[in-house]
Amino acid sequence: MSGAAGGGGEASLPAIGVLGEVLVEVMRPGPDQPLDREGVFEGPFASGAPAICAAAAARLGARVRFAGVVGEDAFGRLCRRRLGDLGVDTAPLRATAQAATGVAFVAYRADGEREFVFHLPRAAAAELGPDDVDALAPASLSWLHVSGSSLGVSASMRAACEEAARRVAEAGGTVAFDPNLRAELADPAEARALCHGVLRHARVVLPSGHEAALLTGADDPRAGCRALLAGGAELVVLKRGADGCTVFTSDGPEDGADVPASAAFVRDPTGAGDVFAAALAVAILDGCTPLDAARFASAAAAEAIETLGPMEGLADRAACERRLERT
């Protein structure tokens, strides 16, 4: 993949904006250590699906701004420092004295499934609102990433995501939407209503199989992806975990083009989809075709899941390209 910076230096890079929840994650160190039993934890690690996406894009060399809310506490300082260290512009990241920084407790099962305990609706993250959108400078963004996990945190956060998507789309930027539906944060039966305000502006949609069907009412994931294209998306990438992904475009095969996953030793799968979304954005803004962008994104996700901690294994561009060369 050619260098994203081109010849004009960092100031000439297309700007990526991300907004939503930022929190710390405290996790069991190994599989099959459920949260309803006494035991040890590792962390805290800076986390939150949108925050992971922002950090991954910055690590890959993009110019990234992140808007969210943390508490005026140690965990909030940790999140701000970690994002800043990875290259994210945290000027739009606001601190409040009215609530504590969000926390997620996470346990893994040997079969790859995860168990979460969140308190986000009562945490600082939930205070993000439409007034925070100005700090992202939406008219200057080439790309906005919105995670569906943000839409069920609070009504004000959902309104902020919808306002940002509207303003970026009206300014000619690309809105990318990862449904990332969380049963812990919203009833899946409400998914279509929750997602509509952002989805109607999205030119790029990154669903998993059940999300593609749920959002469209289709009988199967591939039919759901075709329905998303018919509804206005220009690029739909169906994420299939260890089986890779399938790329759908209006001029591509009806059943999409399959891209295999990069082989990886899975240590911590948290954030794999967020890293995928970040790398896809970076690659497309760099001029890659959708298929090549999906291959690069798969390599970035594989790099990330081999290290414990949602932002600890984020790879730079060179590491991703080396992994691609090995496949």
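Of note:
- When the range 243-263 is filtered for residues that are surrounded by 14 or more Cβ atoms within 10 Å (Cβ to Cβ) and among the small types (G, A, S), the ones remaining, listed by number, are G244, G252, G256, A257, A261, S262.
- Selection status of R59, modelled with pLDDT of 95 or more, crowded, with 23+ Cβ neighbours inside 10 Å and among the basic types (K, R): yes
- Taken together, A186, A218, A202 contain a single residue that is part of a loop (DSSP other than H, G, I, E, B), at pLDDT 95 or above and of a type in the set (G, A, S), which is A202.
- Tally of residues being part of a loop (DSSP other than H, G, I, E, B) and more than 14 Å from T174 (Cβ to Cβ) across the range 267-287: 5
- Selected residue (criterion: farthest from V237 (Cα to Cα)) from residues of the range 289-314 that are hydroxyl-bearing (S, T, Y) and not in a helix (DSSP H, G or I): T307
- T249 among the hydroxyl-bearing types (S, T, Y), out of contact with any Lys or Arg (no Cβ under 6 Å at 6 or more places or on another chain) and more than 30 Å from R326 (Cβ to Cβ): no
- Residue selected from the range 237-257 under the condition within 22 Å of the chain's Cα centre (by Cα) and of a type in the set (S, T, N, Q), by the criterion nearest to A279 (Cα to Cα): T246
- Criterion (in contact with a helix residue (DSSP H, G or I) (Cβ under 9 Å, 6 or more places away or on another chain), surrounded by fewer than 24 Cβ atoms within 10 Å (Cβ to Cβ) and over 19 Å from G17 (Cα atoms)) met by exactly one of V237, V266: V266
- Every residue from the range 142-163 that is buried (at least 24 other Cβ atoms within 10 Å of the Cβ) and aliphatic (A, V, I, L, M): L144, V146, L151, V153, M157, A160
- Residue check: P269 meets all listed conditions (1) modelled with pLDDT of 90 or more; (2) under 20 Å from V24 (Cα atoms); (3) not aliphatic (A, V, I, L, M) but one, namely (1).
Residues are listed down the side, and each one gets a yes or a no for (1) in contact with a strand residue (DSSP E or B) (Cβ under 9 Å, 6 or more places away or on another chain); (2) touching a residue at least 12 places away in the same chain (Cβ under 8 Å); (3) more than 26 Å from R63 (Cβ to Cβ):
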| residue | (1), (2), (3) |
| --- | --- |
| A100 | yes, yes, yes |
| F105 | yes, yes, yes |
| F116 | yes, yes, yes |
| D132 | yes, yes, no |
| A137 | yes, yes, no |
| G148 | yes, yes, no |
| G172 | no, no, no |
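- Whichever residue in the range 75-98 is within 17 Å of A123 (Cβ to Cβ) and free of Cβ contacts under 8 Å to residues at least 24 places away in the same chain and, among such residues, is surrounded by the fewest Cβ atoms within 10 Å (Cβ to Cβ): R77
- Note on the range 66-158: no enclosed strands (runs of 3 or more DSSP E) hold 2 or more residues that are touching a helix residue (DSSP H, G or I) at 6+ places or on another chain (Cβ under 7 Å) and acidic (D, E).
The values are calculated or read from the model by the stated rules, or taken from the named source; none is laboratory data. Bear in mind that the values here come from a model prediction, so they are computed numbers and not experimental data. For neighbour counting, all protein chains shown are included, and Cβ atoms are generated from backbone atoms with ideal geometry for every residue, glycine included.
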